[in-house]
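Below is one structure, written out as structure tokens; comments come after it.
We did not get these values from a lab; they are worked out from the coordinates using the rules stated. Keep in mind that this is a model prediction, so the values were computed, not measured. All Cβ positions, even for glycine, are placed from backbone atoms using ideal geometry, and neighbour counts span all protein chains on display.
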Amino acid sequence: MEHLIIEGGNKLKGTLKIKGAKNSVLPIMAASLLNGSGKDVILENIPDLIDMHVMRKILQSLGITVHYVNGNLRIAPGNIRNYAVPDQLMREMRSSIFLMGPLLAKLGKVKISYPGGCSIGHRPIDLHLKGLESMGAKFWEEKGFIFASATQLTGAEIHLDYPSVGATENLMMAAALANGKTTINNVAKEPEIVDLQNFLNAMGAEVRGAGTETLKIEGVERLEDCTYRVIPDRIVAGTYMIAAAITGGEVILTEVIPAHLEGIIAKLREAGIFVESTEDTVKIACGNLKAVKTLRTSPYPGFPTDLQSQMMVLLSLARGESMIEESVFEARFKHVVELKKMNASIMVEGCRAHIKGIEKLRGAEVEITDLRAGAALVLAGLAAEGTTIVAGVKHIDRGYEKIEKELQLLGANIIRGPRENLLYFC
Ligand code: UD1
């Protein structure tokens, strides 16, 4: 089993290019199934991530040829031979749920099991199912599998009780080929929703309204192939911004969209960090870290839940007392136990964490339980005094391409390998 070993204390310095967003790539790969032309879809700027490869294997299991070369994906036209998503792949990644909308739209039937992924609380799929039901799909369960069928999906008026990112995306994909017009209210406004809309429209769909509360989708008969470049990963960018801030370094991130980073930029400035942006770069330089009275995660454009654990590490080292309220997922404080091993002073009360800033974190052996918590523990290791040994690295590889190599480029002292070998060299 691989570990990361980090010798803390180095200030990160340099320039880093940010690649495509995992949370755009996955639904867009699923949407590629809708291609009805005889030619391939090409997706550019694709990071080499475990989750991307799981989605690639799922598409292959359905009968679609997918090649990943030089950071680009080539996805063959939708000659789908299978309507069942393999149980094991389904359990590896929650985003496998994205196959439901496209498969129903394309084949009129689908068989899946309950999706897996990060263990960050109860993650139901009721909004996905309710929305698809409104469009005429029928669902039933048999021996632990979910089956769905629809002779022809039809446009509908849908209201989401919560602006779920995944449900919005699933319904957009299904509606793109449905018969007639679909209106979806209270949708998620994340940049990845806009990216999916742009991709679907590049294939010939008629989707309007992404980035606002209402989506209007006019179903079309057929979608075509296209070449599409996905947006940069705002969560990876935010993670490296916090890494620079927490080590007192100075880092420039390139190929980013600063408008997507407004929530994190505002909180970093509040915490005393210098942030400057141009059209497609952000520069982060250290300041005196100070507490942030309240940081509440919420759907976009609010502060992203996917950067909550990383920000908690920063606030652990900020002068004064901060409070984080997690409003999106109910069990997203699993990193707190591990941060406490590193001397952090954090008290959790329900969905709130009270953080008392301390002078220094201390290196320790810690274990990752989910993707973003993993990134947070790596950041803690970079800022800590002494050696930090991080287990469970595969969680990080789901969403960060070669994190240790990127951090080494910025001057961090971090290596990866089996624990015994690494300790020998330390
Ligand atoms: C997506 C992101 C994930 C991010 C999350 C919130 C991808 C691949 N993943 O996940 O990184 O943390 O958005 O920004 O894009 N909910 C329901 N019923 C449903 C669906 C969701 O109650 O049918 C609830 C969830 O339990 C959760 C909240 O809605 O409390 C947000 O979930 P959602 O926006 O759906 O997140 P994901 O799409 O799973």
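Worth a mention:
- Most fluctuating residue given options Ala176, Ala266, Ala105, as computed from a GNM of the chain linking Cα atoms under 10 Å: Ala266
- Separation of alpha-carbon centers, the stretch 209-238 and the stretch 76-117, rounded to whole Å: 19 Å
- Residue-by-residue Karplus 3J(HN,Hα) for the stretch 132-147, coefficients 6.51, -1.76, 1.60, Hz, glycine and proline x: 5, 4, 4, 8, x, 7, 10, 10, 8, 10, 9, 6, x, 9, 9, 10
- Net charge of neighbours whose Cβ lies under 12 Å from the Cβ of Lys334, counting Lys and Arg as +1 and Asp and Glu as -1: -2
- For the chain, calculated [θ]222 nm from helices alone, where every DSSP H run of n ≥ 4 adds -39500 (n - 2.57): -9000 deg cm²/dmol
- Amide H contacts of Ala331 (H built 1.01 Å from N, under 5 Å, at least 5 apart or other chain): Gly121, His122
- Rounded to the nearest 20 debye, dipole of the chain from Cβ charges on Lys, Arg, Asp, Glu: 340 debye
- Relative contact order %, the chain, counting alpha carbon pairs below 8 Å whose residues are six or more apart: 21 percent
- If you wrap the Cα atoms of the stretch 62-167 in a convex hull and average its projected area over all directions, you get 8.1 nm².
- Calculated from backbone phi, Karplus (6.51, -1.76, 1.60) coupling profile of the stretch 242-247 in Hz, x at Gly/Pro: 5, 4, 5, 4, 6, 9
- Once the Cα atoms are used to define both axes, helix 191-202 deviates from the longest principal axis of the chain by about 30 degrees.
- Using θ = phi - 60° in the Karplus curve 6.51 cos²θ - 1.76 cosθ + 1.60, the 3J(HN,Hα) couplings for the stretch 41-56 round to 8, 10, 10, 10, 6, 9, x, 8, 10, 4, 4, 5, 5, 5, 4, 4 Hz; x is entered for Gly and Pro.
- D (Stokes-Einstein, µm²/s), Kirkwood Cα radius, the stretch 119-186, 0.890 mPa s at 25 °C: 195 µm²/s
- When the alpha-carbon atoms of the stretch 22-224 are used, the pair Rg, Dmax equals 15.2, 42 angstrom.
- With all pairs of different C-alpha atoms in the average, the Kirkwood value for the hydrodynamic radius of the chain is 22.0 Å.
- In terms of packing, defined here as the mean over residues of other Cβ atoms within 10 angstrom, the peptides 134-145, 153-164, 222-233, 276-287 line up highest first as 222-233, 153-164, 276-287, 134-145.
- Exceeding the 32 Å Cα-Cα cut-off - candidates Lys111/Lys216; Lys17/Lys189; Lys109/Lys189; Lys216/Lys402; Lys106/Lys402: Lys216/Lys402; Lys106/Lys402
- The stretch 17-32 and the stretch 330-372 have Cα centres lying 30 Å from one another.
- Exceeding the 27 Å Cα-Cα cut-off - candidates Lys290/Lys334; Lys22/Lys143; Lys22/Lys341; Lys22/Lys394: Lys22/Lys143; Lys22/Lys341
- DSSP beta bridge pairing in the chain, given as percent antiparallel to the nearest 5: 70 percent
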